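K.L.:
Encoded as structure tokens, here's the structure I'll be asking about.
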Amino acid sequence: ILVLAEQLRGEVSDITFEMLGAGRTLAGGSGASLYAVLLGSEAAPLATRLGAADKVFVVDNPQLNLAAPDTVATALKALIDQTQAGLVLLGCTNVSLGIGSILAAKTGLPMVNFCRAAKADGAGVVCTSQLFGGKILSDVKLADGRGIVSIYPGAFSPDAGKSDKTPAIEKVDVPVEAPKV
């Protein structure tokens, strides 16, 4: 399970801790490892705050500072290929807007948007998504536990993703393409 950690102006966003908490619960139910990834220059010092993850990958590249969705999706695809991560959690926020659908197209994985709840179900994952501004809730099962899941802010407790543990931290290089204009 791979969580795209959101950071802005040197601070980790609450949605990151929400996703780490949800990811930790899913990892516990499936036996999977929980990874986080930080993108951008000067993101490395934030890695120690992500102790709920088993490992934090840091991609220190200035081209990834508030990069376009396609640029981020290309970097994440390379990291997915390296780690064999099958489930990716992204924030459903302005910072991550557009990344999920592009990443789903690049990987061939299904995407679940506006996820408000998630639970392990055997080898799969059941995500509850809100539709029409929350008027309808729909359960979507990722039968093999593989997919891109966009987490709705405020749906999970950020406290569940906070830990005093120090995670393993690994700097990685992935190809980064500037967007074509």
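The values are calculated or read from the model by the stated rules, or taken from the named source; none is laboratory data. Since we're looking at a predicted model, the values are computed, not measured. Here the Cβ positions follow ideal geometry from the backbone for every residue, glycine too, while neighbour counts run over all protein chains shown. What goes into the accessible areas is simple: the full protein's heavy atoms, side chains included, and nothing from ligands, DNA or RNA. Shrake-Rupley method; radii C 1.70, N 1.55, O 1.52, S 1.80 Å.
K.L.:
Report the extension gain between LEU97 and GLN63 in nm, rounded to one decimal, defined as 0.36 nm multiplied by the number of residues separating them, less their alpha carbon distance. Write down the numbers at each step before the final one.
P.N.:
Details: separation 34, 0.36 × 34 = 12.24 nm, distance 1.74 nm.
Answer, rounded to one decimal: 10.5 nm.
K.L.:
Given the -39500 (n - 2.57) contribution per DSSP H run of 4+ residues, what per-residue ellipticity at 222 nm results for the chain, rounded to the nearest 500 deg cm²/dmol?
P.N.:
Values: 3 runs with 41 residues, N = 181.
Theoretical 222 nm ellipticity from helices: -7500 deg cm²/dmol.
K.L.:
What is the spin-label model distance, in nm, from LYS141 to LYS55 if the labels are put 7 Å beyond Cα along the C-beta direction?
P.N.:
3.1 nm
K.L.:
Further, regarding this structure: Can you check how the C-alpha radius of gyration of the chain compares to 2.2 N^0.38 Å, as a plain ratio?
P.N.:
Normalised Cα radius of gyration, the chain: 0.94.
K.L.:
Find the relative contact order for the chain and round it to a whole percent, using C-alpha pairs within less than 8 Å whose residues are 6+ positions apart.
P.N.:
Here the relative contact order equals 32 percent.
K.L.:
Arranged from highest to lowest average of other beta-carbon atoms within 10 Å per residue, in what order do the peptides 170-176, 111-117 appear?
P.N.:
On the way: 170-176: 13.6, 111-117: 19.3.
Taking the mean over residues of other Cβ atoms within 10 Å, the ranking is 111-117, 170-176.
K.L.:
Would you please put 88-95, 138-145 in order of how densely packed they are, using the mean number of other Cβ atoms within 10 angstrom per residue and starting with the highest?
P.N.:
88-95, 138-145
K.L.:
Using 0.36 nm per residue of separation minus the Cα-Cα distance, give me the extension gain between SER41 and GLN82 in nm, one decimal.
P.N.:
12.7 nm
K.L.:
Here's another thing I want to ask about it. Which lysines have a Cα lying under 18 Å from the Cα of LYS141, excluding residues fewer than 8 positions away in the same chain?
P.N.:
Partners within reach: LYS119.
K.L.:
In addition: Roughly what would the spin-label model give for ALA105 and LEU131, points 7 Å off Cα along C-beta, in nm?
P.N.:
Between ALA105 and LEU131, the label points sit 2.3 nm apart.
K.L.:
So, one more: How big is the antiparallel share of DSSP beta bridges in the chain, given as a percent to the nearest 5?
P.N.:
Bridges in the chain are about 40 percent antiparallel.
K.L.:
Additional query: Return one whole number: the accessible area per residue of the chain in Å², for a 1.4 Å probe.
P.N.:
Spelled out: the 1.4 Å probe surface of the chain, per residue, equals 47 Å².
K.L.:
Considering only protein heavy atoms and a 1.4 Å probe, what is the carbon-and-sulfur percentage of the accessible area of the chain? Mind showing how you got there, number by number?
P.N.:
On the way: 4370 of 8520 Å².
Exposed carbon and sulfur together represent 51 percent of the surface.
K.L.:
Would you be so kind as to identify all helices of the chain, as entire DSSP H runs, whose Cα atoms reach 15 Å or more along the helix's own axis and whose mean Kyte-Doolittle hydropathy is at least 0.0?
P.N.:
Helices passing the filter in the chain: 14-30, 69-83.
K.L.:
Let me ask something additional. Pull out a ≥ b ≥ c, the square roots of the eigenvalues of the alpha-carbon gyration tensor of the stretch 127-181, then state rounded if a/c is under 1.5, prolate if not and a/b is larger than b/c, and oblate in the remaining case.
P.N.:
oblate
K.L.:
Test of understanding: what is the full-extension gain from ALA117 to ARG9, defined as 0.36 nm times their sequence separation minus their Cα-Cα distance? Spell out each step's value before the answer.
P.N.:
Details: separation 108, 0.36 × 108 = 38.88 nm, distance 2.84 nm.
Between ALA117 and ARG9, full extension yields 36.0 nm more.
K.L.:
Under 1.5 on a/c is rounded, so check that first for the stretch 49-107, then, if it is not, pick prolate when a/b is larger than b/c and oblate when it is not; a ≥ b ≥ c are the square roots of the alpha carbon gyration tensor eigenvalues.
P.N.:
Verdict is rounded for the stretch 49-107.
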